[in-house]
1. From Arg68, Arg58, Arg100, grab the single residue that is farther than 25 Å from Cys144 by Cβ and among the basic types (Lys, Arg).
2. Quick one: what pairs do we get from the range 67-78, first residue farther than 17 Å from Leu143 by Cβ, second surrounded by fewer than 19 Cβ atoms within 10 Å (Cβ to Cβ) and small (Gly, Ala, Ser), C-beta under 8 Å, 6+ apart or different chains?
3. Go through the range 143-165 and give me each residue that's exposed (fewer than 11 other Cβ atoms within 10 Å of the Cβ) and of a type outside the set (S, T, N, Q).
4. For the range 31-49, which residues satisfy the criterion of being out of contact with any Ser or Thr (no Cβ under 8 Å at 6 or more places or on another chain), touching a residue at least 12 places away in the same chain (Cβ under 8 Å) and not polar (S, T, N, Q)?
5. When residues of the range 27-47 are filtered for being open to solvent by less than 30 Å² (accessible area, probe 1.4 Å) and part of a helix (DSSP H, G or I), how many remain?
6. State whether the residues of the range 97-119 include one that is at pLDDT 95 or above and open to solvent by 60 Å² or more (accessible area, probe 1.4 Å).
7. Please work out if Arg68 is in contact with a helix residue (DSSP H, G or I) (Cβ under 9 Å, 6 or more places away or on another chain), open to solvent by 50 Å² or more (accessible area, probe 1.4 Å) and in a loop (DSSP other than H, G, I, E, B).
Amino acid sequence: MTPDDSPYVDTSQFASISDALELVHPHSTYNDLAAEHFSNTPEEADIPQLVLQATLARMNGLHQGIHREMTQDNPFGVWPLRRAFFELEVAMLYVTRYPRLITAFTVGQSAKRRGDIPLPSMQKMLHEVRDEIPTGADAYRELCDLAHTGAVATWSAFNVARDNDDILNLSWSSQPRFRDGQALIAAAQLKQLSETTIHVFRELVQQVLG
């Protein structure tokens, strides 16, 4: 099962794929969040606020990128971006529990040599937040398979349908495309992911800036 085959998303909220694309468009969501939480300029901000501002810009960029690839019917563009969006949500959720680690978002590969504390691995963060994202580890494993050269990604290039004799037939095109029905599921997942990530961002701002 791939994330786009998940039975746990509600596609009935969309009348059509065009309706779905309109409903999951970011519009001014992230600009509104910026106006709500940040009143001073970067020159007046401390490192934690700069990290939060950079995080908000990344949320916006990932959301826009996923939406753009959906309009192009390109699941192979959607999946890696959705994995990155999910990774960002998990990292933010982890840091809401350890707000002093907000500066870990600025730490590079040489962190240990400088004495900084980097974020733990994604697997460790997923384990830490499993009370809020109980299926996170499984979902992340599938997203990694889709984003890399895994079996799920390979076979997702084919549509499968049964003919009148109940025989399975494969169809393929060199042009990327969602399997039948998967675009609506992807839209529902984007809506859910963006809403939960925005909720986590608000919690993180409260923890860091008060």
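1. Values: Arg68 fails: farther than 25 Å from Cys144 by Cβ; Arg58 fails: farther than 25 Å from Cys144 by Cβ.
None of the other options fit; the residue is Arg100.
2. From residues that are farther than 17 Å from Leu143 by Cβ, the pairs are Arg68/Gly77.
3. Ala151, Arg162, Asp163, Asp165
4. Passing the criteria: Leu33, Ala34, His37, Phe38.
5. 2
6. Yes: one or more hits.
7. No.
To keep it simple, each residue is scored yes or no on (1) in a helix (DSSP H, G or I); (2) hydrophobic (A, V, I, L, M, F, W, C); (3) surrounded by fewer than 13 Cβ atoms within 10 Å (Cβ to Cβ); (4) touching a Lys or Arg at 6+ places or on another chain (Cβ under 6 Å).
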position: Leu170; (1), (2), (3), (4): no, yes, yes, no
position: Phe178; (1), (2), (3), (4): no, yes, no, no
position: Ile185; (1), (2), (3), (4): yes, yes, no, no
position: Leu193; (1), (2), (3), (4): yes, yes, no, no
position: Thr197; (1), (2), (3), (4): yes, no, no, no
position: Val208; (1), (2), (3), (4): yes, yes, no, no
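The values are calculated or read from the model by the stated rules, or taken from the named source; none is laboratory data. Note that the coordinates shown come from a computational prediction; the quantities given were computed from them, not determined experimentally. Note that each Cβ is placed from the backbone with ideal geometry, even for glycine, and that neighbours are counted across all protein chains shown. Each accessible area value is taken on the protein alone, full model and side chains, heavy atoms only, with ligands, DNA and RNA left out. Shrake-Rupley method; radii C 1.70, N 1.55, O 1.52, S 1.80 Å.
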